[in-house]
Each structure stands twice: as C-alpha cells, then as structure tokens.
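Trainee: Below is a structure I'd like to ask you about.
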Amino acid sequence: MQRVLWSGLIVLLYLFLLAPILVVFVVSFDTRNYLAFPPESWSFGSYAKVFRNAAFISSFGRSVVIGLAVSLAAVTMGTLLSLALVRWKFRGREAISFLVLAPFLVPHIVLAVGIMLVLAPLGLLDSYRGIILAHLGITVPYTVRTITMSLMAVDRRVEEAAMVHGAAPLTVFRRITLPLIRPGLIAGGVIAFLISFDEATISLFIVSVKTSTLPTEIYNYLEISTDPQIAALSVILILISIAVVIAVERLVGLRKAL
C-alpha cells in the first residue's frame with residue numbers, strides 16, 4: 001500500500017512539472033488567433049506560420065551561429081582556466097576560482113546591466129562581438145565546472161608514464177589528456193550552447209536589430225501579438241533541446257558527460 005502511494009505521489013509530481021509543457025504542446029495546435037486552453041479546433045497551421053516567419057528564421061540562424069561561437073570560445077577558455085586551477089599552485093588561485101564561478105551567485109539582470117555598461121563605451125552594443133562576450137560571461141563558469149571535474153578524475157600517472165617514455169608535454173596533452181577529459185569538454189560545450197541559445201535577459205540589454213537573437217525576437221513578438229505561433233515555436237525549441245540531449249547520450253553517455 002505504501003509503495004502504491006509513493007508511486008502515485010511521484011506520478012503526480014511529474015505531471016505537475018510537465019503540465020506547462022503539455023499545455024503549450026496542446027495549445028500549439030489551436031486555430032484561434034489568441035492563446036487559450038483547451039483548443040477550439042486542431043490544425044498544424046501555427047507550425048507552418050513559424051516556418052514562414054522570416055524574423056524567426058533569421059534570428060534562429062543568428063542564435064545558432066552565436067551559440068556555436070560561444071560554445072567553442074567557452075570550452076577553450078574553460079580548458080585553459082581548469083588546467084591552471086587544477087594543475088598549478090600559485091598565489092591567488094582560490095580568489096580566481098571564486099571569481100570564475102561568481103556569475104552563479106549574481107542575478108542575470110544585475111549581470112546584464114554591468115555588461116551593458118562595460119560594452120557601451122567600447123561600441124560593442126548590438127554587435128556579434130558584444131553578444132558573444134556577454135554570453136561568455138555566463139557560460140565560462142559552466143565549462144570550467146565540467147572540465148575541472150573531468151581533470152580531477154584523470155589519473156596523473158598515465159600522463160607521467162607518457163612523459164617518462166619521451167612524450168613532449170604538448171603531445172601528452174593532445175594524445176592523452178584531451179581524450180580523457182572529452183566527456184567534460186562535450187558536456188561543457190553543449191551546456192554553453194544551450195545557455196547562449198536560450199539567453200534572453202542579458203541579450204535584451206545588448207542586442208537591438210542587427211544581432212537580434214531568437215529569445216529577443218520572441219519577446220518583441222509577444223509585445224504585439226499572442227497567438228499559437230509562439231506555442232508552436234516553443235514546442236520546436238523543446239524538441240531541439242531533447243534532440244541535443246539524446247545526441248550527447250549517444251556520443252558519450254549523459255551521466256559520464258556530466
């Protein structure tokens with residue numbers, strides 16, 4: 001009896017957590033020109049409108065390009081910082097480690113204002129360089145975290161054995177260390193991409209017209225209209241996120257990567 005009650009409680013908890021997604025999924029098939037639940041009639045018209053919306057398509061492409069650039073830069077910076085924090089002992093290491101992870105503790109709205117005040121005098125607002133730098137500020141801590149955990153799990157004796165047999169430090173890093181920390185690199189890159197792709201708060205302070213990302217385009221669209229097209233776009237983005245998670249699981253295994 002107790003097991004049945006626990007199972008029922010777990011099912012109810014999952015339903016509560018998934019209810020918003022399920023409602024969005026159902027509403028995306030509505031034929032009315034406003035958001036309402038339940039749907040009056042069913043159609044794929046909202047999905048067709050999404051793929052015909054030039055603003056959504058172009059901003060989606062920009063978000064993908066920016067996300068890939070941020071992911072590559074965040075993994076590179078995260079690897080260098082993780083190597084310094086894990087392998088080297090120097091004065092101020094703890095302070096640097098705290099500063100790297102500090103964005104975890106600061107609300108995004110505060111970060112957004114600070115980043116805007118830094119980028120504005122440099123003329124980097126509404127530019128690809130500006131949005132990439134802004135997103136690096138919130139993604140690097142995640143890559144440092146995942147790559148640091150992978151580095152701490154590496155057996156240093158393997159690297160030392162390679163160096164004893166004459167391998168140069170760069171060769172050891174390229175042939176031994178990198179393959180061993182690959183799950184952390186992949187996890188950090190995927191997390192950085194998803195955070196950059198989905199970031200709205202900071203982007204609203206940085207971008208305008210030339211570099212409008214998909215989240216900011218959605219926000220601008222909601223200011224003038226609320227129809228099932230937004231729900232359809234949300235479902236598409238959810239499916240993309242699920243596909244990315246499945247890809248990571250197939251490549252390295254989700255638990256191993258995280």
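The values are calculated or read from the model by the stated rules, or taken from the named source; none is laboratory data. This one's a predicted model, so the numbers in the text were calculated from it and none came from an experiment. Quick reminder, even Gly has a Cβ in these numbers, built from the backbone with ideal geometry, and neighbours come from all protein chains shown.
Trainee: Looking at this structure, is residue 173 without any contact (Cβ under 8 Å) to a residue 60 or more places away in the chain, farther than 15 Å from residue 103 by Cβ and either among the aromatic types (Phe, Trp, Tyr) or not assigned by TED's automatic domain parsing to the domain that holds residue 73 (or both)?
Mentor: It is true that residue 173 is without any contact (Cβ under 8 Å) to a residue 60 or more places away in the chain, farther than 15 Å from residue 103 by Cβ and either among the aromatic types (Phe, Trp, Tyr) or not assigned by TED's automatic domain parsing to the domain that holds residue 73 (or both).
Trainee: Can you find even one residue in region 21-29 that is under 30 Å from residue 137 (Cα atoms) and within 25 Å of the chain's Cα centre (by Cα)?
Mentor: Looking through region 21-29, at least one residue is under 30 Å from residue 137 (Cα atoms) and within 25 Å of the chain's Cα centre (by Cα).
Trainee: State all residues of region 161-170 that are closer than 17 Å to residue 181 by Cβ and surrounded by fewer than 12 Cβ atoms within 10 Å (Cβ to Cβ); if no residue qualifies, say none.
Mentor: 169, 170
Trainee: A further question follows. What's the number of the condition residue 222 fails, among (1) in contact (Cβ under 8 Å) with a residue 24 or more places away in the chain; (2) within 18 Å of residue 58 (Cβ to Cβ)?
Mentor: (1)
Trainee: Is it true that some residue in region 225-242 is in a helix (DSSP H, G or I) and farther than 30 Å from residue 36 by Cβ?
Mentor: no
Trainee: Let me ask something else. Would you confirm whether any residue within region 195-204 is farther than 22 Å from residue 144 by Cβ, surrounded by fewer than 22 Cβ atoms within 10 Å (Cβ to Cβ), in the same structural domain as residue 238 (by TED's automatic domain parsing) and β-branched (Val, Ile, Thr)?
Mentor: No, because not a single residue in region 195-204 is farther than 22 Å from residue 144 by Cβ, surrounded by fewer than 22 Cβ atoms within 10 Å (Cβ to Cβ), in the same structural domain as residue 238 (by TED's automatic domain parsing) and β-branched (Val, Ile, Thr).
Trainee: Mind counting the residues in region 115-128 that are part of a helix (DSSP H, G or I), surrounded by 15 or more Cβ atoms within 10 Å (Cβ to Cβ) and either free of Cβ contacts under 8 Å to residues at least 60 places away in the same chain or in contact with a Leu (Cβ under 6 Å, 6 or more places away or on another chain) (or both)?
Mentor: 1
Trainee: If the Cβ limit is 8 Å and pairs must be 6+ apart or interchain, which residue in region 56-81 that is in the same structural domain as residue 198 (by TED's automatic domain parsing) and buried (at least 23 other Cβ atoms within 10 Å of the Cβ) pairs with which residue that is polar (S, T, N, Q) and not in a helix (DSSP H, G or I)?
Mentor: Pairs found: 63/213; 66/211; 66/213.
Trainee: State all residues of region 82-105 that are of a type in the set (A, V, I, L, M) and surrounded by 13 or more Cβ atoms within 10 Å (Cβ to Cβ); if no residue qualifies, say none.
Mentor: Answer for region 82-105, where residues must be of a type in the set (A, V, I, L, M) and surrounded by 13 or more Cβ atoms within 10 Å (Cβ to Cβ): 83, 84, 85, 86, 96, 100, 101.
Trainee: Specify the residue that is surrounded by the fewest Cβ atoms within 10 Å (Cβ to Cβ); the eligible residues are those in region 11-55 that are among the hydroxyl-bearing types (Ser, Thr, Tyr) and part of a helix (DSSP H, G or I).
Mentor: 14
Trainee: So, in region 171-210, of the ones that are polar (S, T, N, Q) and under 28 Å from residue 247 (Cα atoms), which residue ends up modelled with the lowest pLDDT?
Mentor: Ranking the qualifying residues of region 171-210, first place goes to 177.
Trainee: Something else now. Among the residues that make up region 37-52, is at least one of them more than 21 Å from residue 24 (Cα to Cα) and of a type in the set (Ser, Thr, Tyr)?
Mentor: The answer is no; no qualifying residue exists.
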